[in-house]
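The values are calculated or read from the model by the stated rules, or taken from the named source; none is laboratory data. Everything numeric in this text was worked out from a predicted model, so none of it was measured. Note: ideal-geometry Cβ built from the backbone for every residue, glycine included; neighbour counts use all protein chains shown.
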Amino acid sequence: MKIHREGTNILILLPIVLVALNWPVWLFMPPVTLPVIFTTISVVVYLFVFNFFRCPKRKYKGPRKDMVVSSVDGKVVAIEKVYEPEYLKSEAIMLSVFMSPLNVHANWYPVDGTVEYVRHHRGRFLSAYLPKASTENERSTVGIETFGHRITVRQIAGAMARRIVTYARKGHTADIDGHLGFIKFGSRVDLYLPLDAEILVGMHQIVRGGVTPVARLKTIKE
């Protein structure tokens with residue numbers, strides 16, 4: 001299992017910190033039951049962090065033209081018509097996927113295309129389930145042109161998330177197999193799609209980033 005680059009330093013430093021905390025416990029806190037409990041908790045913490053930063057290598061095997069693939073692992077929590085004022089500046093279908101702390105937190109590009117817009121917004125850290133999280137929380141917005149369509153990807157921090165990492169830059173090539181970014185300890189990604197897009201998933205469905213097709217865009221005749 002590959003570890004995401006965002007977690008490398010943390011996973012190197014964390015064992016040092018845990019050993020430093022456990023050493024005096026074993027020396028000065030008899031009986032042995034207490035040190036064993038403390039060490040067990042430390043191991044569980046490390047395994048949790050290790051699991052959080054895992055980064056499976058994935059390659060999308062389906063058709064790519066006009067296809068939208070989930071950017072993240074998680075559960076579909078919203079499919080609704082909204083107004084997207086930042087990049088599309090029009091009504092769109094918003095498809096939101098929520099990531100739990102146990103999900104892979106790498107973010108993949110949902111389409112092949114070209115990045116046209118990238119902007120980070122400072123904000124609050126409300127629960128990602130709340131509708132206003134899309135506009136009030138810490139977030140990054142990425143606009144992508146794909147086969148004549150324009151879509152928006154929005155990384156949103158949540159109550160636990162404190163850092164959004166966005167690798168996308170204006171002019172970059174978007175690739176379904178490539179990483180758009182990473183959200184540390186959180187929490188939600190919104191896709192804004194054309195109104196005539198065919199949605200392929202339902203509410204509460206579990207999806208996998210870089211693997212699960214979530215929508216099909218209407219083919220634009222040349």
(Q) Just to verify a result, which residue in the range 18-65, among those that are among the aromatic types (F, W, Y) and under 25 Å from the mean Cα position of the chain (by Cα), is modelled with the highest pLDDT? (A) Y60
**Q.** Subset of the range 97-119 [modelled with pLDDT under 95 and of a type in the set (S, T, Y)]
**A.** S100
**Q.** Number of the condition not met by S42 [criteria: (1) in contact (Cβ under 8 Å) with a residue 12 or more places away in the chain; (2) hydroxyl-bearing (S, T, Y); (3) out of contact with any Leu (no Cβ under 7 Å at 6 or more places or on another chain)]
**A.** (3)
Q) Here is a list of conditions, (1) modelled with pLDDT of 90 or more; (2) buried (at least 17 other Cβ atoms within 10 Å of the Cβ); (3) of a type outside the set (F, W, Y), and A157 meets all of them except one; can you say which number that is? A) (1)
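What are the residues in the range 183-201 that are touching a helix residue (DSSP H, G or I) at 6+ places or on another chain (Cβ under 9 Å) and surrounded by fewer than 22 Cβ atoms within 10 Å (Cβ to Cβ), if any?
From the range 183-201, those touching a helix residue (DSSP H, G or I) at 6+ places or on another chain (Cβ under 9 Å) are 184-185, 187-188, 190; that's our starting set.
K184, F185, listed by residue number.
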Q. If we scan the range 142-152, do we find a residue that is modelled with pLDDT under 95, surrounded by fewer than 20 Cβ atoms within 10 Å (Cβ to Cβ) and not aromatic (F, W, Y)?
A. yes
Q) Do you know which residues across the range 43-59 are surrounded by 19 or more Cβ atoms within 10 Å (Cβ to Cβ) and in a loop (DSSP other than H, G, I, E, B)? A) F53
Q: Name every residue in the range 66-92 that is assigned to a strand (DSSP E or B) and surrounded by fewer than 20 Cβ atoms within 10 Å (Cβ to Cβ), in order of residue number.
A: K75, V77, A78, I79, E80, K81, V82, Y83, S90, E91
**Q.** Where F185 falls short, out of the listed (1) touching a Leu at 6+ places or on another chain (Cβ under 7 Å); (2) of a type in the set (F, W, Y); (3) at pLDDT below 95
**A.** (1)
Q. Looking only at residues in the range 202-222 that are farther than 24 Å from R139 by Cα and at pLDDT 95 or above, which one is surrounded by the most Cβ atoms within 10 Å (Cβ to Cβ)?
A. L217
